[in-house]
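Scroll down for the structure; my scribbles are underneath it.
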Amino acid sequence: MRGIPTFDFPAEVPSQLPAGTVRQRYTKCRTIYCLTYGVFEARERVVEYVPHDSAKPTIVYRSTRLAELVAPRDRYAFGLMVYVGLESLLSCRRLSEVAQDLATRCDALSLSEQTLWRLQQKFLSYLGVFHQASLPALSEYFQAHGGYVLVIDSTCEDGPPVLLVALEPTSDIVLGSWKLSSENKEETADVLQGIQQQLGDPTYILSDLSQALGEAARKVFPNVQQKKCHFHFLSDVGEDLCGPPQKKLCKAMRAHKLQNRLKTLRVDLRRQLLKGCRQRQESPRLYECLQGHVPTDLNPRILQQQMLLNIHEWIADYASDGHREGYPFDPFFLYFHRRLQKGRHVLEEILSQVDVKSNDFLALRNLHQRLEHYLNDSKVQQAAREFEEAHGYLQRLRQALR
C-alpha cells in the first residue's frame, strides 16, 4: 500500500543475559489497520539469543509493543476489533453503519462488511476466552461476598438447538452460556458440573418449571435448595386462568368481523383525508368541536372524517395499554375489548355535544351502532366478564406473591 507511514518495532531484549550471542534473526513487515493510528506499515525486527552453552536452548525475542497492539500474523489491531464488536453487538448497529464511521475516520479504513463480520466473530471468541480466564477471580469474589445464586434458563424450548444461560442475579453477572442439542437432563448436568468445578455450590438455584433443569440441578447439587421463578409460575397459572375466557371472547369477536372492518374503514379514512388535503386546505378544528363549539363555516364531512380517524387510531393502539410483559400479563384481546367500550362512550359524548342535522355525522353514528351491536351481544358480554374476572384473580395472586 502506497503513501502510508512505516514504524519500526524492535525486539525487547533483556539488558543482562548470560554469556552468548544476540543476533538479528529476520525482519517482518505487516500492514496494520488500527483505530487510533489509522493504517501503517509495521516493521518488526526479531532477534535471537544463542547461549555459549550448547545445552541451553535458543531464545527468540519479539516486540512486546507490537504484540500488545495486534495479534501475531494478524493485520487488524485489537482496538479495531473491540470497536467493531461493541458497536455491532452492544449498540446494535449494522455493519454497514460501522463501515461508514470507520471510513470517515480515515480513508484507508474503508473495510468491507465481510471483514467487519470476521472481526465481530473474533471479538466474540476473545470475549469467551477472557470470560473463562476470569472464572477463578469470580469464584474469589463470590466467596468474599457470601456465595452466589445460580439462575438457569434456556431459550427456544420448542425446538433444537437451545441456548442455556447461567446468571448470578445479585451481581448481574452472566456465568456462561452453552448451546445444547435440546433442553435435556444429561447435557444440562454436564454444564452444571462445569460450573460446580469452577465456582463451587451456589447458595440456592432459581429456574423455571422445566423438569429437565430441575432434575439436572438435583443431580449435580443434591444439597442445594431449588426455588422456582414467580414469573414462570404465574405465567403457567395465568394461561390456565385466562386461556378459556380469551378463546371464548376471541370466538365471539370473530363472529362480528370487527377487527377486519375497522381496519378497512381506517384505510379508507386515511385515503379520503389525504385526497382532501391535496385538493384544498381545510382545517377541521377538532378540539373546538369536542368542547361543544361548532363553527358555522366548518365542513361536517371533513370534521367527522378527522374524528373517525382519531378514534380508529386510538382503538388500534390498544397494545400500548400493556407493559411488554407478554401473555397472560398483557391480555391484548381484553385491552382491545376495553377500548371498544371506551370508544362507544366517546362517540356518545361527541354525538350528544354537536347540534347538527340528522344527515350530518352519519359515519360517526354508524360506527356507534356497530360498536353497540358488538357490545350488546350476550356472548361477548359473558366472555368479557369471565375474562375480567380471571385477569383480576391473576393480578391478586401476583400482588400476594409480591
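Any read-out appearing in this document is the output of simple, stated calculations on the displayed coordinates, not a laboratory observation. Since the model is a prediction, treat every value here as computed from it, not as a measurement. Reconstructed Cβ throughout: ideal geometry from the backbone, glycine too, with neighbour counts over all protein chains shown.
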Legend entry - Pairwise Cα inverse-distance average, inverted: Kirkwood Rh of the stretch 121-202 (Å): 13.6 Å
Inset, instruction - Would you mind giving the average projected area, over all directions, of the Cα convex hull of the stretch 155-233 in nm² with one decimal? - result: 5.1 nm²
Legend entry - Chain lengthening between Glu113 and Tyr327 when straightened (0.36 nm per residue, less Cα-Cα): 73.2 nm
Inset, instruction - Taking the chain as the reference, fit the longest principal axis to its C-alpha atoms, fit the long axis of helix 300-316 to the helix C-alpha atoms, and give the angle between the two in degrees, 0 to 90, nearest 10. - result: 50 degrees
Legend entry - Net charge dipole size for the stretch 146-224 [Lys, Arg +1 and Asp, Glu -1 on Cβ; Debye, nearest 20]: 200 debye
Legend entry - Hull volume in cubic angstrom per residue (convex hull over the Cα atoms of the stretch 132-268): 164 Å³
Inset, instruction - Please work out how much length the chain gains when fully extended from Glu349 to Arg73, using 0.36 nm per residue of separation minus the C-alpha to C-alpha distance, in nm with one decimal. - result: 91.8 nm
Legend entry - Bridge type composition, the chain - antiparallel percent by DSSP, nearest 5: 70 percent
Legend entry - Spacing of the two label points (7 Å from each Cα toward its C-beta) at Ser125 and Ala316, in nm: 4.9 nm
Legend entry - Surrounding net charge for Gly147, when Lys and Arg each add one and Asp and Glu each subtract one, Cβ distance under 14 Å: -3
Inset, instruction - Go ahead and estimate [θ] at 222 nm for the chain from helices alone: -39,500 (n - 2.57) per DSSP H run with n ≥ 4, summed, over the residue count, rounded to 500. - result: -17500 deg cm²/dmol
Inset, instruction - Report relative contact order for the chain in percent, whole number only (criteria: Cα-Cα under 8 Å, sequence separation at least 6). - result: 9 percent
Inset, instruction - Please build a GNM for the chain, connecting alpha carbons under 10 Å apart, and tell me which residue among Tyr204, Tyr76, Tyr374 fluctuates the most. - result: Tyr76
Inset, instruction - Determine the dipole magnitude for the chain: charges of +1 sit on the beta-carbon of Lys and Arg, -1 on that of Asp and Glu, nothing else is charged, the reference point is the Cα centre, and the result goes in debye to the nearest 20. - result: 1320 debye
Inset, instruction - Report which label in (i) 28.8; (ii) 23.9; (iii) 25.4 holds the value of Kirkwood radius over Cα pairs in Å derived from the coordinates of this structure. - result: (i)
Legend entry - For the stretch 66-132, convex hull volume per residue from C-alpha positions, Å³: 91 Å³
